[in-house]
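Quick one: the structure is below, questions incoming.
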Amino acid sequence: MKLWVNEIFYSVQGESSHAGRPCIFIRLTGCNLRCPYCDTKYAYDEGILLDMAEIRKSIKSYQCHLVEITGGEPLLQSPTRYLINSLLDEGYEVLLETNGSLDIGKVDARCHRIMDIKLPSSGEQHRMRWENLDLLTPRDEVKFVMGNRIDYEYAQDVLARYPFLLDRPQPPIFSPIFGLLDLKTLAGWILEDRLKVRLQVPLHKVIWGEQRGV
Ligand code: SF4
C-alpha cells in the first residue's frame, strides 16, 4: 500500500493543545480545497510515492513518538487511515490535521483529529462536512483559522449553532492567519466577548516564519 508523500520532517508542533512538543510531520500530497491564504501550496502536486514500510523506516530515525499526518488534505488518499492504524499499533501518538470537508468517521478513534471549520476568508466554508461534528471524540480538537472580523463573527455563529463545541475537553482554537490578523486584535475580541476558546499563537511561524520543512 502506497501514499504520495510531500515531505517528512522533525520539528516543534506549532498548533493545537500539543503546541511546543517535538513532533515528526508526515505531509501528504494533494488537497481538495484552495484556500487563498494556504501556506502549503507546494503540497498540492509535489510528492513521491512511498510504501508504508518506507514511511515507517524514515520516521524511526527521529526517535520521537509523536507523529502528525498533515497535508494538503491527508484524507484525500484512502491508504492514510491504514498508515494511522499501523502507527498507533506501533505505539506512536498520532495527530491528524484535516480540513473538515471529508468524512473523519473511518479514522481510528485513538488518533487525535484536529479539524478545521473553514471560514469566509478561505472561500471554502460551503465545503464543510457538518456531520463530522457528531463524530468528534474527547481527543479531537476543532480549529477556526481567521483573517478578519467577518471570519471571527462567522466562527461565533458556528459556536452559537453548535454550543457543545464549547463544552469539550479541548476548547475550540481561534488561530489568526499570519500577516492578515494580528494576535493582539484577536486577543482583544476574545476577551471582550468572554469567549471560552483557545487563542492559538502559530508557534512554528513565530520561530521560523515562512521557512519550509521545519
Ligand atoms: S485546506 Fe489546508 S492545505 Fe488545503 S488549501 Fe486550505 S489551507 Fe491549504
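Taking the condition of being more than 16 Å from the ligand (Cβ to nearest atom) and without any contact (Cβ under 8 Å) to a residue 40 or more places away in the chain, how many residues in region 8-53 meet it?
1
Test residue 95 against the criterion of being aliphatic (A, V, I, L, M), part of a helix (DSSP H, G or I) and out of contact with any Cys (no Cβ under 6 Å at 6 or more places or on another chain), and give yes or no.
no
Something else now. Would you confirm whether or not region 87-96 contains a residue that is surrounded by fewer than 20 Cβ atoms within 10 Å (Cβ to Cβ), modelled with pLDDT of 95 or more, within 29 Å of residue 149 (Cβ to Cβ) and more than 16 Å from the chain's Cα centre (by Cα)?
Checked region 87-96: no residue is surrounded by fewer than 20 Cβ atoms within 10 Å (Cβ to Cβ), modelled with pLDDT of 95 or more, within 29 Å of residue 149 (Cβ to Cβ) and more than 16 Å from the chain's Cα centre (by Cα).
Further question on the same structure: Which condition does residue 110 not pass, out of (1) in contact (Cβ under 8 Å) with a residue 12 or more places away in the chain; (2) part of a helix (DSSP H, G or I), if it passes all the others?
Of the numbered conditions (1) in contact (Cβ under 8 Å) with a residue 12 or more places away in the chain; (2) part of a helix (DSSP H, G or I), the odd one out for residue 110 is (2).
Considering only region 115-210, give the helices (runs of 4 or more DSSP H) lying wholly within it that have at least 2 residues that are in contact with a Pro (Cβ under 7 Å, 6 or more places away or on another chain) and within 24 Å of residue 33 (Cβ to Cβ).
149-161
Checking residue 177 against (1) free of Cβ contacts under 8 Å to residues at least 60 places away in the same chain; (2) touching a Phe, Trp or Tyr at 6+ places or on another chain (Cβ under 8 Å), which test does it fail?
All conditions are met except number (1).
The values are calculated or read from the model by the stated rules, or taken from the named source; none is laboratory data. On a predicted model such as this, the values are computed, not experimentally measured, just so you know. So basically every Cβ, Gly included, is an ideal-geometry build from the backbone, and we count neighbours across all protein chains shown.
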